[in-house]
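Single-structure report; data block below.
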Amino acid sequence: MAFIDVVEWNDARNDVFAWKFGQNTNNNLSTFTQLVVRESQEAVLFSKGQILGKFGPGKHTLNTENLPLLRNLFGIPFGSKNPFTAEIWFVNKAAPLTISWKTDAMRYHDPDYNQMVPLAAEGRYGLKVEDAERFLVQLVGTLTEFTSVQLTDHFLGELISKTKSVISSFMRTNGLGILTISEHLEDLQKFIGQPLKEFWESYGFLLTGFYITKVDLDTSSEDGRKIAAALSDRSAQNIAGYTWQQKQGFGVANNALSGGGDMGILGAAAMTGMLGGGGGMGQAMMQPAPQYPGPGGGAPAPGRKEVFCAKCAKKYPATSSFCPFCGNKYNPCPRCGSDNLESARRCVSCGVELARQGPAAGGTFGNACSRCGQEVKPGTKFCPHCGNKID
């Protein structure tokens, strides 16, 4: 029978917490076998279901002086050189900080939007084997090595459940939503660190660091993608300077205009709430009709300082004759002063019919009321639509 002279672990990696010498077989050792343990390692010997001994960094001879249990388990007299078998485990006591974690979706009632939103969190943590004996007895079992991947897989369900619970509790207690949680990640790390520290200590680990890199919408779900798209659209609107209702009005009303349907135009205006400042079409149509410059520009409308470009939807001063962003000519409505495309038949904001300048422009009579902009027959003295006197 051949005996092993030297036992050591040469190719230790940071992602391996424990490694069994000799893999699946019992090692034929003797009381003159040399055990070499390097820095940041600890060796533990098992035999017949018991721990024979633990060894720190250095070079050790596996004799009865170092392993008194050899006398009881194998009947080896003190000071004698005899063979015995044992499992030798090397434990890596370094502190790898490269273990990544990520939760699945957790439903959370966001206080900023007053809606349930799907959240996900991710980060990294570092562990160090503090109690090698407890670690090996509780976790390793019949394995031949124990890596960070195996550790993550082993505790995935319990770790994720505990992490999600603590994150939700912290956000709810502090009234935080998806817009503000990133400002409190350091406080959240401290809040979650203590319960996780106690959790890992029970398995012989020391939690050397726990980091949260992100708590955000879970865009892997359909709900999360829809909410993310809505938030992105909202940011774009804030930057461009228009509201959601105005954006819808630009698109829907212009589509109706191009289709030539008056009911589509008025319905789009009413739907978006853009007539009369959101008070509905009837309210806007009943308001006194202020006099604004006709197509072609001129002095700004009284009380109107800014307008939204009918082409690019960006806001610019009403004193401008052209949009400074896209160069589109300012074509004001004679009733409300809103900008309209030159091809528009009715105002996108108030729905009034826009005046035409002669047959070439698409008009029927080539004459329009100066108050409401409606076309009237030549020779008409009072507008049949609003009663205004025709000059």
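The values are calculated or read from the model by the stated rules, or taken from the named source; none is laboratory data. Fair warning: this is a prediction, and the values are worked out from it, not measured in the lab. Here Cβ is always computed from backbone atoms with ideal geometry, including for glycine, and neighbour counts include all displayed protein chains.
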Problem set entry | Complete set of residues in the range 145-176 that are modelled with pLDDT of 90 or more, at negative phi and outside any helix (DSSP H, G or I) | ASN174, LEU176
Exercise. Picking from TYR113, TYR125, which residue would you name as being aromatic (Phe, Trp, Tyr) and surrounded by fewer than 17 Cβ atoms within 10 Å (Cβ to Cβ)?
Worked result: TYR113
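So that you can scan it fast, the table gives a plain yes or no per residue for (1) in contact with a strand residue (DSSP E or B) (Cβ under 8 Å, 6 or more places away or on another chain); (2) touching a residue at least 60 places away in the same chain (Cβ under 8 Å):
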{"site": "GLN150", "(1), (2)": "no, no"}
{"site": "GLY193", "(1), (2)": "yes, no"}
{"site": "TYR211", "(1), (2)": "yes, yes"}
{"site": "LYS226", "(1), (2)": "no, no"}
Exercise. Could we say that ALA43 is at pLDDT 90 or above, among the small types (Gly, Ala, Ser) and under 30 Å from GLU201 (Cα atoms) here?
Worked result: yes
Exercise. Of the residues that sit in the range 116-137 and are outside any strand (DSSP E or B) and hydrophobic (A, V, I, L, M, F, W, C), which one is nearest to LYS162 (Cα to Cα)?
Worked result: PHE135
For this session: Just name the residue that is nearest to LYS197 (Cα to Cα) out of those in the range 134-177 that are of a type in the set (Val, Ile, Thr) and more than 21 Å from the chain's Cα centre (by Cα).
Result: THR152
Seminar exercise, completed: THR163: passes all of (1) touching a residue at least 24 places away in the same chain (Cβ under 8 Å); (2) surrounded by fewer than 14 Cβ atoms within 10 Å (Cβ to Cβ) but (2)
Exercise. Going through the range 4-29 one residue at a time, which ones are in contact with a helix residue (DSSP H, G or I) (Cβ under 7 Å, 6 or more places away or on another chain) and part of a strand (DSSP E or B)?
Worked result: PHE17, ALA18
Problem set entry | LYS59 being in contact with a helix residue (DSSP H, G or I) (Cβ under 8 Å, 6 or more places away or on another chain) and among the basic types (Lys, Arg) | no
For this session: Identify all residues within the range 30-59 that are buried (at least 20 other Cβ atoms within 10 Å of the Cβ), assigned to a strand (DSSP E or B) and without any contact (Cβ under 8 Å) to a residue 40 or more places away in the chain; write none if there are none.
Result: LEU52, PHE55
Seminar exercise, completed: Of the candidates THR152, THR144, the one satisfying the condition of being of a type outside the set (Phe, Trp, Tyr) and surrounded by fewer than 14 Cβ atoms within 10 Å (Cβ to Cβ) is THR144
Exercise. Within the range 163-204, which residues are among the β-branched types (Val, Ile, Thr) and over 22 Å from ILE227 (Cα atoms)?
Worked result: THR163, VAL166, THR173, ILE192
